[in-house]
Amino acid sequence: MDYEFPDHLKYTSTHEWIRFENNIATVGITDYAQHQLGDIVFVELPEVGMVFEKGSNAAEIESVKAVGDLIMPLSGEIIEINENLADNPELVNSSPFGEGWMIRIKYSHLDEKDDLLSSEEYKQILQKEIH
Amino acid sequence: MNNKSIEIKKTALYEIHLKHGARMVSFAGYYMPVQYDSIIKEHEAVRSNVGIFDISHMGEFLLEGKDVIKFLQFIMINDLNLLEPSKGQYSCMCYENGTVVDDLVYYEENPECFRMIVNAINIEKDYQWLNDHLGEFDVKITNLSTKRSRVAFQGPKSDDYLQPLVDVDLSQINRFYFAHCTINDNPVFLARTGYTGERGFEISFENKFAEKVWKDLTVTGANPAGLGARDSLRLEACYSLYGHEISDAITPVEAGLSWLVKPKEGIDYIGKEILIEQKTQGTENVLVGLNLIDKGIIREKYKIFKDGDEIGFVTSGGYSPTLKKTIGLGIVKKQYKEIGTELEIKIRNKLLRGKIVSTPFYRNV
């Protein structure tokens, strides 16, 4: 597979990645997910201060051809959104793990972290999905 | 519906698409390239250079016999008197209630032989519809759809790229005219038609020439382009797509195609009565162009509101790579059709502000 999965990140089976720093989780969609969607032309992000349960839709990602969801990997409060995506949604295509990040969450349930996937586990799920 | 037993067909260019790295999807019973690299790049290639599309999934019929013109006058809403040999015509065939069986182009090879190109999703239905209405007409219909391949070669440089390969003077072929010629010795049917809003050609040939013709056309500098770009291009140009702007529930007049409905004095054609009435008196619902004032993307089937009342729906919508903003077409109640009218479009659970704008969004033909 020609997709990237950085080792230092955690993943979900719905193609989000999560980076942890100081009890804050930064979330975006994976390289595979951006590739599946194609040219991304609009990202509808939540507002700062909104609180979501794990598994609910936090953002909608519109490409030329399709609509994708960003699903909350952890329950918690949105403390920051990537304002750059408003004018540069293509950052999600060009830099899915970097400048294309979407939301930062102050998560409320520590134990939910245990459900997240390692890069190796995510890779195995992808291989099953593709073949 | 269980589709598992239906075999998805491959066009003669299937292997070539895979070599180009296409993402293939099932559409109208065929594996078709939706995009090679990027829909936006392919779209831009057609607007600034040339794009080449495999449209072999579309249908191609040959209608032969001494009553062909009489038959087409009976079954089509456009007027065959406007046609002449070596020319094509866009038209619809309609049901008695004026809604659309299909929209299509037919080309007059000679007064007793017409070539017809129909929508991929309607091939079987059209073939049946035509045959069911043959009656006493002396016409024979041959379905060439799977025997021949078709490509569209579209963009501002299409004449420059194509001229060195063909044995005809392209400047002598006007829009909607065609010629039989060769591309590096391979015989083709070549028409100056298209679905992109850009100048260009649609080309048909026997399957055995498909790979050769595709290669000859791509080495010119044309970019392979998929169904994704085909849809975004036609939406900018505001060309109807069957199942969206026109369908078995929408008439050509409602879809802004009144100009296709011809009086044809003394000729009774299917749907004539209601279509002429709609053309003269107008319809309750009409097609309009849409922009969003708020940020977002509108898609087909989204509902349109005015002051809380539902007034219509989006027939096609998306991002315009040329205009770099959201565009759409929709059908609304006629009292709201004025350009500049502000309205709301429901996207998931939100009402976003939009307005009615003039169409087409873009055309350069």
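Here is how the numbers come out for the structure above:
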read-out	value
Pair A:Asn57, A:Thr14: separation of 7 Å Cα→Cβ label points (nm)	1.0
Highest-fluctuation residue, B:Ile276, B:Ile203, B:Ile331 considered, GNM on chain B with Cα pairs under 10 Å	B:Ile276
Shape category assigned to chain A from the gyration tensor of Cα positions, a/c cut at 1.5	oblate
Surface/4 estimate of mean projected area, convex hull on alpha-carbon atoms of region B:311-355, nm²	3.5
Per-residue Cβ neighbour rank within 10 angstrom, fewest leading, B:Asp309, B:Asp231, B:Asp102, A:Asp2	A:Asp2, B:Asp309, B:Asp231, B:Asp102
11 Å cut-off, amide nitrogen to a point 7 angstrom out along B:Lys355 Cα→Cβ, residues in region B:287-331	B:291-294
Highest-fluctuation residue, A:Glu80, A:Glu62, A:Glu21 considered, GNM on chain A with Cα pairs under 10 Å	A:Glu21
Cα centre as origin, Lys/Arg/Asp/Glu Cβ charges: the protein assembly as shown dipole, Debye	580
Top of B:Gln89, B:Gln163, B:Gln281 by mean-square fluctuation, Gaussian network on chain B, Cα under 10 Å	B:Gln281
Label-point separation, B:Ser171 to A:Tyr3 (7 Å along Cα→Cβ), nm	5.3
Electrostatic dipole magnitude of region B:59-151 [Cβ: Lys, Arg +1; Asp, Glu -1; Cα centre; debye, to 20]	340
R0 of 30 Å, Cβ-Cβ distance B:Ala249-B:Ser26: FRET efficiency to nearest 0.05	0.75
Eligible aspartates and glutamates near B:Lys140 by straight Cα distance, threshold 13 Å, same-chain separation 8 or greater	B:Glu64, B:Asp67, B:Glu112, B:Asp132
Reachable aspartates and glutamates from B:Lys19, criterion Cα separation under 19 angstrom, eight or more residues apart if same chain	A:Asp2, B:Asp37, B:Glu42, B:Asp54, B:Glu211, B:Asp216
Selection of chymotrypsin sites (Phe, Trp or Tyr not before Pro), region B:11-110, meeting DSSP coil and at most 14 other Cβ within 10 Å	B:Tyr95
Stokes-Einstein D in µm²/s, Kirkwood radius over Cα pairs - the protein assembly as shown at 4 °C with 1.567 mPa s viscosity	52
Lysines whose Cα lies under 25 Å from that of B:Lys295, excluding same-chain neighbours fewer than 8 positions away	A:Lys65, B:Lys41, B:Lys303, B:Lys306, B:Lys324, B:Lys325, B:Lys333, B:Lys337, B:Lys346, B:Lys350, B:Lys355
Förster radius 25 Å - calculated FRET efficiency between A:Met50 and A:Asp114 (Cβ-Cβ, nearest 0.05)	0.55
Gain on full stretching of the segment that runs from B:Ile293 to B:Glu64 - 0.36 nm per residue minus C-alpha separation	77.3 nm
Sites B:Asn110 and B:Leu323, calculated FRET efficiency, Cβ-Cβ separation with R0 51 Å, nearest 0.05	0.75
222 nm mean residue ellipticity, helices alone, for chain B (DSSP H n ≥ 4; -39,500 (n - 2.57); rounded to 500)	-5000 deg cm²/dmol
Projected area averaged over orientations for region B:284-365, convex hull of C-alpha atoms, nm²	5.3
Where N is the number of residues in chain B, Cα Rg divided by 2.2 N^0.38 Å	1.00
Size of electric dipole in chain A: Cβ of Lys, Arg +1 and of Asp, Glu -1, about Cα centre, debye, nearest 20	200
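Computed from the coordinates by the stated procedures, all read-outs in this text should not be read as laboratory data. All values derive from a computational prediction rather than experimental measurement. Note: ideal-geometry Cβ built from the backbone for every residue, glycine included; neighbour counts use all protein chains shown.
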